[in-house]
Amino acid sequence: MPSSDIINDELMNNFGGKELSVQHEIQRSGALTSGNSPGAGNEGHHALRQQNRSCMSTQSPEVNIAFDPAEDKRMREILDQYRQIMSAGQASKENLCLKKLRFHHPWLRELSFNAFKMLFDLCEVVQIKKGEKLFKQDARITDIYFVMYGQLALNYFGNNGVEELDQGGYLGLSLGEELLFYEEPLYRETAVCVTGRCCALQIRAEYIMELGDENFMNRGLNSEAMK
């Protein structure tokens, strides 16, 4: 089991100084990539997302992740393999599979393996079929999603009817990150699967808010996954 000091150093981000929290490490790696800005209402948020699709907020680095069909297929194969390994009880092969997953992900590869593994262990792998919704506009944000494969349309229901954003959700993009920037934590669009299958890592919103808290870190370090 890695020591607490080592894990804390890795999770406190070597991108810009150890005073940064895990939340900032995830942000700087490009994890939260939709265009948002604090303080805007739904209409303002929608306009900003359309204008600034490449980064999470005005405080984030610009991240330009294009949909890559080959990498989408590869990630689907890796996650199918992961499910098979876990269903067969082959825990000894888990880390090798997760290293492949991390390597093929546009921003997870920027995290140390220990930081990635801690984040992954906090997530659930969720899958929906074509036409199914991941979440609905104006519902309270309970989870943040890191899209792993497939494509999601983001439909905005505004004063002018329904509008589909040019950029939806696909490998490398995150959904639900409005939680970090708005006093009213509501999903700003409805996310609908438009391919045969869509898969995402789902993490509870309160986990994202607690990342970097010492007590939270200790809970993670004492878990079976970190031993």
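Label points 7 Å out from Cα along the Cβ direction at Val125 and Arg204: separation in nm?
2.1 nm
Order the peptides 65-73, 114-122 from the highest to the lowest mean number of other Cβ atoms within 10 Å of their residues.
Details: 65-73: 13.6, 114-122: 19.9.
Per-residue Cβ counts within 10 Å, averaged per peptide and sorted highest first, yield 114-122, 65-73.
Pull out the extension gain between Glu164 and Lys133, defined as 0.36 nm times the separation in residues minus the alpha carbon to alpha carbon distance; nm, one decimal.
Working it through step by step, the gained length comes to 9.8 nm.
Return the subset of Lys93/Lys136; Lys99/Lys133; Lys73/Lys133; Lys73/Lys136; Lys93/Lys130; Lys93/Lys133 for which the Cα-Cα distance in this structure is over 25 Å, preserving the input order.
The answer is Lys93/Lys136; Lys99/Lys133; Lys73/Lys136; Lys93/Lys130; Lys93/Lys133.
Which FRET efficiency value, to the nearest 0.05, do you get for Asn114 and Thr142 by plugging their Cβ-Cβ distance into 1/(1 + (r/R0)^6) with R0 = 30 Å? Write out the running numbers ahead of the final one.
On the way: r = 27 Å, r/R0 = 0.90.
E between Asn114 and Thr142, to the nearest 0.05, is 0.65.
Each reported figure results from applying straightforward, stated rules to the coordinates on display, with no laboratory input. Just so it is clear, the model here is predicted, and its values are computed rather than measured. Cβ atoms come from the backbone with ideal geometry, glycine included; neighbour counts cover every protein chain shown.
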